[in-house]
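Undergrad: Dropping the structure in here first, questions after.
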Amino acid sequence: MALSGLDIYKLLPKTNCRECGFPTCLAFAMQLAKKAAAVDKCPYVTEEAKAALESAGRPPVRLVSIGSGERKLDIGNETVMFRHEEKFRNPCGIGFIIDDGMADPEIKKTLRRIHELTFERVGQKLSVDLIAIRQNSDKKRFCDVVKMVSGNTACGLVLMTGDKEALQDALELTKGRKPLVYRLTAENVSSLVETVKRYRVPVVAASVTLDGLSVLTAELDKQGITEIVLDTGMKPLVEKIWDMTQIRRLALKKSARSLGYPALAVIDKTDRFEECMEAATYILKYGGIVLLKGTEIWQALSLLTLRQNIYSDPQKPLQIEPKIYPVGAVTDSSPALVTTNFSLSYYTVLSEVEASKVPAYILSVDTEGMSVLTAWAAEKFTPAQISASMKKSGLENMVAHRNLIIPGYVAVISGELEDASGWKITVGPKEASGIPSFLKNLYNKPEFVNS
Amino acid sequence: MAIGMLQEKWPGKVNETVIGADKSRGGTRSNVVKTGGEASLPFLFHEGVFPHKPVIAFEIWDTAPADWPDELNKSLSGVYNDPLAWADKCINEYKAELLCVKLQGAHPDFGNRSADAEAKFISRLLKKVSVPLVITGCGDDAKDNQVIPACCEAAKGERCLFGDAVQDNYKTLAAAVSADGHSIIAESPIDINIAKQLNILISDMGLPVERIVMNPTIGAMGYGLEYAYSIMERARLAALSGDKMMASPFICFVGQETWKAKEARVSAVEFPSWGPETERGIIWEAMTAAALLQAGADILVMRHPKAVEKVRGYIDELMRGNTP
Ligand code: SF4
């Protein structure tokens, strides 16, 4: 928990000697609370006070970074159990496991597939994050595959091996890529810890019990390893939900530092639907990373969409700039449709207008990011507001006609909107999926746009 | 030092609602569906009882749906024109334990069937199938106010679940449901305050709160799912904290919302980068359902047989952990 200026003041010498550059200890404390000064500016501060400050400043769930460059994955730093309290901060990493027993062409094909798994939704680019290489063969084969994969991807890497020499060589091959090492256990920690320290890479700490995990992370912390991801191993779904919930709860509510790290789950199911639904469960229930084997497009599209939903900001809906968006080769006789500036509303309309191949204008009205029905109910999508927005956006200069298409859900406002704007109002379909046939029919009746 | 688990014990629990009446309850159903009753957040079995597994209701219509996507038509279009055969197929082929009948044919724009005709249809359906029924109106308030009371009467004593009552149209429905021994779906527009208010209004009319099921209004994955997810989490936390008026079980119309989603509808030909549509549609419905289960859903109304199969497997897998 963050300390207030007064809390910090209590920890300082209170001599007001000014050596820190501030007139009083209190002034210095206030700056520390704002994180605008560094504690070592005071030469007299005790070790005890330093430790208290450091621990208070540390987030309850550590931030862990995997990979480097554009595809760097940040996980952890979470602050709540429920997303209505505050936005979940760092989206759960999604990764795929490649077994080193696979033949080279198959590995290359899988890599190509993984790289194609990027999508655009609601104006955001969605892509998968990690590729994990699992050792199942000898050291040489493992390293060959690590080399092949790392040379062909910008994704973050996970090295799944318990073999000290294989790990050492693989870390040498991936120097600078900051791969995640999977995994240290009570049994192998003494043999692997020096290697991990030397390369300064994040590690997975694994134990089937939370007690075991806690002992292990405390040991790693003592060794100076702080970028840790927790794993309680393969367990039935419900037990994993329990573990992940407990880890998050203990870190947040009991300040259990030894469990204050993001958690990981490896999924081992052969049915692609079941695999995908299990992964979805951990995205919802406090997972920091999920690793799976299936690379089907529908798996990635669904998991990435779910993740986007769950990690969106519940206080601030995604919005777009309220203005006129021309779609396609518009002319002054192209139809004009109105919607809100809620991203989901706008992009849904946009994709259907594009699908119709009918060039059109979309006017997005500032509804503070509310959807059509919500905005209408909250009086943010009224005839007065829509007609004001038509004027402000300059719609009348862009089209020669005076026809506006409104969403079917707000058909009730058409009369009033006609009066307020002086335009002819046409009620469009309720669901955006009806837009293409609606627009094509309009297009068949040129009198609509020319009237 | 050993880390102690942090167990939450809640003072409240979700109300228990029974759908269907068997012989011992004065009806003719072969089984009844009990739902609700949870005293913990979803699937945290260590923290409180979770007496009933979430249940899936197959959605059927009284009239052939015109705009369902091909993926649904593939398995179901053969029975669209015969709702009794449709019901039969869901039960015998897909092992439905609950059906949700939408009386779409009563809608002025989709057949305008009379209240009398719909009541007769419900009587025939009750004779044909022995599973409990959820029955929903066509969505036109004025028409539903004629049709639902007639159907309530036709199904008297069978303890069906009727819907949807909304804030500005609940009285006629609640009175009919109450008189004929059924239960009611109270629908609120993703709004926790309206949800509570409506539950209060309906129970003020004399319908016991145990006979109310809440429809929080959901969006499919990618289409506002997260709003429903959080509203449901908040309502469930309130229920577990002891608020009886927030403690109704949830019913979620997963099929209806999912199959509107573009990701569930468009073909790979139109959208090559989204891959084959068959699995895409099924996972969209199944994963939307899974997410809502994790927010506390008790009854899922679904459409695609394969999606139902997958969600049923998911529920079974979760419930296997429910050992006291
Ligand atoms: S240097 Fe330390 S003791 Fe001196 S005024 Fe600053 S805070 Fe106080």
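Undergrad: Kindly indicate which of A:Leu373, A:Leu439, A:Leu417 is touching a residue at least 60 places away in the same chain (Cβ under 8 Å), hydrophobic (A, V, I, L, M, F, W, C) and part of a helix (DSSP H, G or I).
TA: Being touching a residue at least 60 places away in the same chain (Cβ under 8 Å), hydrophobic (A, V, I, L, M, F, W, C) and part of a helix (DSSP H, G or I) holds for just one of A:Leu373, A:Leu439, A:Leu417, which is A:Leu439.
Undergrad: Let me ask you something else. Name the single residue, out of those in segment A:120-140 being assigned to a strand (DSSP E or B) and in contact with a Ser or Thr (Cβ under 7 Å, 6 or more places away or on another chain), that is modelled with the lowest pLDDT.
TA: A:Arg121
Undergrad: Continuing with the same structure: Of all residues in segment B:40-69, count the ones that are open to solvent by 10 Å² or more (accessible area, probe 1.4 Å), within 14 Å of another protein chain (Cβ to nearest Cβ) and among the small types (Gly, Ala, Ser).
TA: Residues in segment B:40-69 being open to solvent by 10 Å² or more (accessible area, probe 1.4 Å), within 14 Å of another protein chain (Cβ to nearest Cβ) and among the small types (Gly, Ala, Ser): 2 in total.
Undergrad: Further, regarding this structure: For B:Trp284, all conditions in the list (1) more than 8 Å from chain A (Cβ to nearest Cβ); (2) under 23 Å from A:Tyr282 (Cα atoms) hold save one; what is the number of the exception?
TA: If we test B:Trp284 against (1) more than 8 Å from chain A (Cβ to nearest Cβ); (2) under 23 Å from A:Tyr282 (Cα atoms), just (1) comes out false.
Undergrad: Six or more apart or on different chains, Cβ atoms under 8 Å: show the pairs whose first residue is in segment A:212-235 and in contact (Cβ under 8 Å) with a residue 12 or more places away in the chain and whose second is among the charged types (D, E, K, R) and part of a loop (DSSP other than H, G, I, E, B).
TA: Listed by first residue and then by second, the contacts come to A:Thr226/A:Arg62; A:Glu227/A:Arg62; A:Ile228/A:Arg62; A:Met234/A:Asp268.
Quick grid of which residues meet (1) within 29 Å of B:Phe45 (Cα to Cα); (2) of a type in the set (Ser, Thr, Tyr):
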site: A:Lys175; (1), (2): no, no
site: A:Val196; (1), (2): no, no
site: A:Thr209; (1), (2): yes, yes
site: A:Leu216; (1), (2): yes, no
site: A:Lys222; (1), (2): no, no
site: A:Ile228; (1), (2): yes, no
site: A:Lys235; (1), (2): yes, no
site: A:Met244; (1), (2): yes, no
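Undergrad: Okay, next question. Check off (1) open to solvent by 10 Å² or more (accessible area, probe 1.4 Å); (2) outside any loop (DSSP other than H, G, I, E, B); (3) among the polar types (S, T, N, Q) for B:Thr35 and give me the number that stays unchecked.
TA: Here B:Thr35 meets the rest and fails (1).
Undergrad: May I pose another question? On the basis of being at pLDDT 95 or above, within 7 Å of another protein chain (Cβ to nearest Cβ), closer than 24 Å to B:Val33 by Cα and surrounded by fewer than 22 Cβ atoms within 10 Å (Cβ to Cβ), does B:Glu279 make the cut?
TA: no
Undergrad: Assuming B:Ile315 fulfils every condition listed in (1) of a type in the set (A, V, I, L, M, F, W, C); (2) away from chain A (no Cβ under 12 Å); (3) assigned to a helix (DSSP H, G or I) apart from one, which condition is it?
TA: Among (1) of a type in the set (A, V, I, L, M, F, W, C); (2) away from chain A (no Cβ under 12 Å); (3) assigned to a helix (DSSP H, G or I), the lone unmet condition for B:Ile315 is (2).
Undergrad: Checking B:Thr172 against (1) within 14 Å of chain A (Cβ to nearest Cβ); (2) of a type outside the set (Phe, Trp, Tyr); (3) in a helix (DSSP H, G or I); (4) open to solvent by 40 Å² or more (accessible area, probe 1.4 Å): exactly one of these is not met. Which one?
TA: (1)
Residues are listed down the side, and each one gets a yes or a no for (1) farther than 26 Å from B:Val79 by Cβ; (2) acidic (Asp, Glu); (3) modelled with pLDDT of 95 or more:
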| position | (1), (2), (3) |
| --- | --- |
| B:Lys262 | yes, no, no |
| B:Val266 | no, no, no |
| B:Gly275 | yes, no, no |
| B:Trp284 | no, no, yes |
| B:Leu292 | yes, no, yes |
| B:Lys306 | no, no, yes |
| B:Gly313 | no, no, yes |
| B:Gly321 | yes, no, no |
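Undergrad: Quick check on my filter: what residues within segment A:253-282 are buried (at least 19 other Cβ atoms within 10 Å of the Cβ), more than 9 Å from chain B (Cβ to nearest Cβ) and under 20 Å from A:Phe88 (Cβ atoms)?
TA: Within segment A:253-282, A:Gly260, A:Tyr261, A:Pro262, A:Ala263, A:Leu264, A:Ala265, A:Ala279, A:Tyr282 meet the criteria.
The values are calculated or read from the model by the stated rules, or taken from the named source; none is laboratory data. For clarity, every value in this text was computed on a predicted model and none was experimentally measured. Positions of Cβ are generated from backbone atoms using ideal geometry, with glycine treated the same way; all protein chains shown enter the neighbour counts. These area figures cover heavy atoms from the full protein model, side chains too; ligands, DNA and RNA do not enter into them. Shrake-Rupley method; radii C 1.70, N 1.55, O 1.52, S 1.80 Å.
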